[in-house]
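**Q** Have a look at the structure that comes next, please.
Values quoted throughout were computed directly from the atomic coordinates according to the rules given, and no laboratory measurement underlies them. Just so we're clear, the structure is a prediction, and the values are computed from it rather than from any experiment. We place every Cβ from the backbone using ideal geometry, glycine too, and count neighbours over all the protein chains shown.
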Amino acid sequence: MWEILVRSLRQGVVTGKSAAPLPADLAPAPRAAEAEIEVLGQALQAEIRGRFRRSMKLRHVDCGSCNGCESELQALLNPFYDLQRFGIDFVASPRHADALMVTGPPALHLEEALRLTDEATPRPRLVVAVGDCACTGGFCAGSFATRRGIEEVLAVDVRIPGCPPRPEAIVRALLKALRG
Amino acid sequence: MSEATGLELHPLESALRGLKQRFADAVIDADRNSMREHLVVVPGARLREVAAAVHREWGGTLVTAFALDERERHGRFRLHYLFSMAPDDAVLTLIAALPGDDPRFPSVTPEVHAAHWLEREMQDLMGVTADGHPDPRPLVAHDGWPRGCHPLRRDFAPPAGISWPPRFGFTPVEGDGVFEIPVGPIHAGIIEPGHFRFSSVGEAILKLDVRLAWKYRGLETLARGQPAARVLEIAERACGLCAFSHALAFSSAVEEAAGVMAPPRARALRSLAAELERLYNHCGDLAGVLLDVAYAVGAAEGQRLKEVVQQAADALFGHRFLRGLCVPGGVTRDLDDAQQQWLRDVLGTVRADVEALVRAATSNAAVMDRLVGAGALGPDAARDLGVVGPAARASGFDRDVRRTHPYAFYRDLDFQVPVRAEGDVSARFAVKADEIHESINLVDQMLLHLPGGLLIAERVVPPAGRAGLGMVESPRGLLSHWVRAGEGGAIDEWRMRSASHANWPAVAIAVLDNIVPDFPLVNKSFNLCYACVDR
């Protein structure tokens, strides 16, 4: 463990940085995102300080996604993005949540679970559709076993398109929603 | 290959000869679909005994099994049971026709336990009946599905306005002090939905009933008759974290049906991307196990490494999950010399960091105390259930599609397949750690010998009626896609079985006699997907 800690001290924090930046002459390098996280996160923190008394809690509800959106939501908590430092965290119970982060088209099998989770969430709460599936049904649209977006089950406050949306896109959308 | 060699130890040859001798009256027809796939047609009533012989006597391991609806043209249903004849690079497919008006057959599951979930699925989705199945409960169809709702039948018309309240007959366990713990489908973390019903005494788990299919999206029904590009989009989205493996298996299946091979450079880049996918999955898996034993430093480090590899994938191929890279015929992106050098450097640091992480975790008594002995899956159970991937190799079951049925560029690469005997959480952890090392070796080899030439074959249009099979060693193990072409290169039928589908029944066995609080750890050591199982 000391090996990891010593190396971290030597390297400095990775948070807000790119993993291993491509040299400038190497295309393609869509790598502005990491620096963007800092700016977005601090703006988000300011909003959360004012409106949620410094702490905004999210509850994830998977309604039939491919697990891509889940992976990106998890990534928000890894050392690169480390969203918790801005006052955002994911909680285990809907009863502690300010917002539901819903993924998936939703699948019909999960509709009931989604409704029950929403009922258990205290008001006011935001419903955030994360990913193309949750926004419109995505590539599943037209399947007999899914709906065309979360909107068919719950009123949606925020839509985050993308398949899956990149971690910084999720942060940007949350910020926009809080400002809007 | 599969040509006769006269050697008794040649599994395919022994099986074909044995079938002719022992089941002369049962073999209706024998043919080949490709260099690799051998078809043997048997009567539905004899399917169980023939499958039993292929499995027990000639060493066939079940790859997948599915049903097709051919009532329109031939008045029948058709079953396919695909057996890998490893170490031969050959697949033996048993085919049985069932009458369209009474599709029953003797369940193969009592003899080949790996068919368990596959046959339950066939009953739900195709409405065929596997007589004598030891556990005929619905698998995909949650209660509340209307009667006669079989989405894979070609005349399926979705019932209007259905609601599917989830009710399910769980196996009750009775006795003094036995109680049930229901968990899910909505869990406490950022994870996928499944319902687990534990029957326990005190903390010890007596039985675990796993209820999945919450995410059923009807993908195979959605894909029917669609152009290959659309089915590829669906296949890639069957599973987020194994997206590239799915694209590769699907593309390989279409290429086999079309009789086309991707150019060498494309095949090498496919192997390279497949190893990148294995890397970010395995780094995430190591993190997951460490998170569940509350070893925060290690978990954060594992998540960091996963992110590093995903960012590299993104920078080089334009997507954090490698979507859009693999298409039937080849790949869509190339790597120039500078990018290759950069990738080598990045993976060099990943290798050193993973080694440090594994050293730190395995020398920590508090971590190893939880990992060693937890969730042990014995070698017999692993073979019997047809477990695949790192989970199989951690239980002493040495199987790897890259070696037995080489695809992409693996025939020309040199690599080790790590195997452990213990079958517990620590063995699965160690196998994945060793595989990270091997994956980086493989990427280095490919970067040294990256062949030149085209990235994509010009025309990949399978003739109508041709079928193809793609098998890939995804990060979680054997993944198979089977396609049959329709008119104009469309995909008429598509069947898919993921590694997680094969491994879920093993989780329910591995947790027995463990304590309930160890379930998340045992589950995480398998780290199975739900989306590509539910489909």
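**Q** If you stretched the chain out fully between B:VAL41 and B:ILE28, how much longer would it get, using 0.36 nm times the residue separation minus the C-alpha to C-alpha distance?
**A** 4.1 nm
**Q** Can you put B:HIS116, B:HIS80, B:HIS246 in order of Cβ neighbours within 10 angstrom, beginning with the fewest? Before the final figure, lay out the partial values.
**A** Working: B:HIS116 23, B:HIS80 19, B:HIS246 28.
In order of increasing Cβ crowding within 10 Å: B:HIS80, B:HIS116, B:HIS246.
**Q** Kirkwood hydrodynamic radius of the range B:421-535 from all distinct Cα pairs, in Å?
**A** 17.7
**Q** Let me understand the range A:50-108 better: what is its radius of gyration from the alpha carbons, and its Dmax, in angstrom?
**A** Cα radius of gyration and Dmax of the range A:50-108 are 12.3, 38 Å respectively.
**Q** Check each of the trypsin sites (Lys or Arg not before Pro) in the range A:53-117 and keep only those in coil by DSSP with at most 12 other C-beta atoms within 10 angstrom; list them in order.
**A** A:ARG53, A:ARG54
**Q** Right, here's the next one. Taking the alpha-carbon set of the range B:347-389, what are its Rg and Dmax in Å?
**A** Rg and Dmax of the range B:347-389, Cα atoms, are 15.1, 40 Å.
**Q** Please report the projected area of the range A:93-160's Cα convex hull averaged over all directions, in nm².
**A** Working: hull surface 15.9 nm².
For the Cα atoms of the range A:93-160, the hull's average projected area reads 4.0 nm².
**Q** Need the list of aspartates and glutamates near A:LYS17 for cross-linking: C-alpha distance under 20 angstrom, and skip anything on the same chain fewer than eight residues off.
**A** Straight-line reach from A:LYS17, under 20 Å: A:ASP25, A:GLU34, A:GLU36, A:GLU38, A:GLU72, A:ASP82, A:GLU168, B:GLU301, B:GLU307, B:ASP314, B:ASP345, B:ASP353.
**Q** Based on the Cα gyration tensor of the range B:178-322, what are the three equivalent ellipsoid semi-axes, each the root of five times an eigenvalue, rounded to whole Å and given largest first?
**A** On the way: eigenvalues 239, 112, 29 Å².
Values for the range B:178-322, descending: 35, 24, 12 Å.
**Q** Something else now. Can you list the HN-Hα couplings for the range B:78-87, worked out from phi with the Karplus curve (6.51, -1.76, 1.60; θ = phi - 60°), rounded to whole Hz and with x for Gly and Pro?
**A** In residue order, the calculated couplings are 9, 9, 10, 10, 9, 10, 7, 9, 3, x Hz.
**Q** Calculate, axis by axis, the spread of Cα positions in the protein assembly as shown along the three principal axes, and write the results as whole Å, longest axis first.
**A** 79, 58, 53
**Q** While we're looking at this one, here's another question. For the peptides B:230-241, B:180-191, what is the packing order when you average, over each peptide's residues, the other Cβ atoms within 10 Å and list the highest mean first?
**A** B:230-241, B:180-191
**Q** To continue, here is another question. What area, in nm² and to one decimal, does the C-alpha convex hull of the range B:276-386 cast on average over all directions? It would help to have the intermediate numbers written out before the result.
**A** On the way: hull surface 37.4 nm².
Hull-based average projected area comes out at 9.4 nm².
**Q** Select from the range B:100-161 those trypsin sites (Lys or Arg not before Pro) which occupy a DSSP coil region and have at most 11 other Cβ atoms within 10 Å, ordered by residue number. Don't skip to the answer; put the middle values down first.
**A** Values: sites: B:ARG104, B:ARG120, B:ARG147, B:ARG153, B:ARG154; in loops: B:ARG147, B:ARG153, B:ARG154.
Those that pass, being in a loop and sparsely packed, are B:ARG147.
**Q** Then there's this: May I ask for the Kirkwood hydrodynamic radius of the range B:358-497, worked out over all distinct Cα pairs and given in angstroms to one decimal?
**A** On the way: mean 1/r = 0.0566 Å⁻¹.
Computed over Cα pairs of the range B:358-497, the Kirkwood hydrodynamic radius comes out at 17.7 Å.
**Q** Still on this structure, please answer the following. If R₀ is 35 angstrom, what is the calculated FRET efficiency for the pair B:ASP155 and B:ILE515, using the beta carbon separation as r and rounding to 0.05? Working shown, then result.
**A** Details: r = 49 Å, r/R0 = 1.41.
FRET efficiency, B:ASP155 to B:ILE515: 0.10.
**Q** To continue, here is another question. Starting from the Cα of B:GLU72, step 7 Å along the direction of its Cβ; do the same at B:GLU49; then give the gap between the two resulting points in nm.
**A** Roughly 3.6 nm, to one decimal.
**Q** Now for a separate question. With both partners inside the protein assembly as shown, how many of the DSSP beta bridges are antiparallel, as a percent to the nearest 5?
**A** Approximately 70 percent, going by the DSSP bridge assignments.
**Q** Let me ask something else about it. Quickly work out the A:TRP2-to-B:ARG56 label distance, labels modelled 7 Å from Cα along the C-beta direction, and quote it in nm with one decimal.
**A** 5.9
**Q** Relative contact order (percent) for chain B, with alpha-carbon contacts under 8 angstrom and 6 or more residues of separation?
**A** Relative contact order comes out at 16 percent.
**Q** Scan the range B:49-86 for GluC sites (Glu not before Pro) in coil per DSSP, keeping those whose Cβ has at most 15 other Cβ atoms within 10 Å, and list them by number. The partial results should precede the final answer.
**A** On the way: sites: B:GLU49, B:GLU57, B:GLU70, B:GLU72; in loops: B:GLU57.
Listed in order of number, the matching sites are B:GLU57.
**Q** Provide the FRET efficiency to the nearest 0.05 for the B:GLU487-B:ASP101 pair, computing r from the beta carbons and using R0 = 41 Å.
**A** 0.90
**Q** Mind checking which of B:SER439, B:ALA52, B:ILE491 is farthest towards the positive end of chain B's charge dipole, using Cβ charges of +1 (Lys, Arg) and -1 (Asp, Glu) about the Cα centre?
**A** B:ILE491
**Q** Two-decimal Rg/Rh of the range B:1-139 from alpha-carbon positions, Kirkwood Rh?
**A** That ratio is 0.97, to two decimals.
**Q** Then there is this: Based on a Kirkwood Rh over C-alpha pairs, give the Stokes-Einstein translational diffusion coefficient of the range A:58-180 at 20 °C and viscosity 1.002 mPa s in µm²/s. Intermediate values should be presented prior to the final figure.
**A** Values: Rh = 14.2 Å.
Translational diffusion coefficient: 151 µm²/s.
**Q** I've got another one for you. Looking only at other chains, what is the average number of their beta-carbon atoms within 10 angstrom of each beta-carbon in B:232-239? All intermediate terms of the calculation are to be shown ahead of the outcome.
**A** Values: counts 0, 3, 3, 0, 4, 11, 2, 3.
Going residue by residue through B:232-239 and averaging, the value is 3.
**Q** What span do the alpha-carbon atoms of the range B:83-146 cover on each of the three principal axes, reported in whole Å from largest to smallest?
**A** Its Cα atoms span 45, 24, 18 Å along the three principal axes.
**Q** Still on this model: Compute the distance in nm between two label points, each set 7 Å from the Cα along the Cα-to-Cβ direction, one at A:GLU36 and one at B:ALA204.
**A** 5.6
**Q** Further question: Taking every pair of alpha-carbon atoms in the range B:266-318, give the share separated by more than 17 Å as a whole percent.
**A** Value for the range B:266-318 (Cα pairs over 17 Å): 39 percent.
**Q** Out of every Cα-Cα pair in chain B, what percent are more than 38 Å apart?
**A** Percent of Cα pairs beyond 38 Å in chain B: 26.
**Q** Tally Lys/Arg at +1 and Asp/Glu at -1 over every other residue whose Cβ is under 14 Å from the Cβ of B:LEU442; what's the total? Write out the running numbers ahead of the final one.
**A** Working: positive: B:ARG267, B:ARG270, B:ARG278, B:ARG344, B:ARG351, B:ARG402, B:ARG403, B:ARG411; negative: B:GLU275, B:GLU277, B:ASP400, B:ASP412, B:ASP414, B:ASP434, B:GLU435, B:GLU438, B:ASP444, B:GLU473.
Around B:LEU442, the surrounding residues sum to -2.
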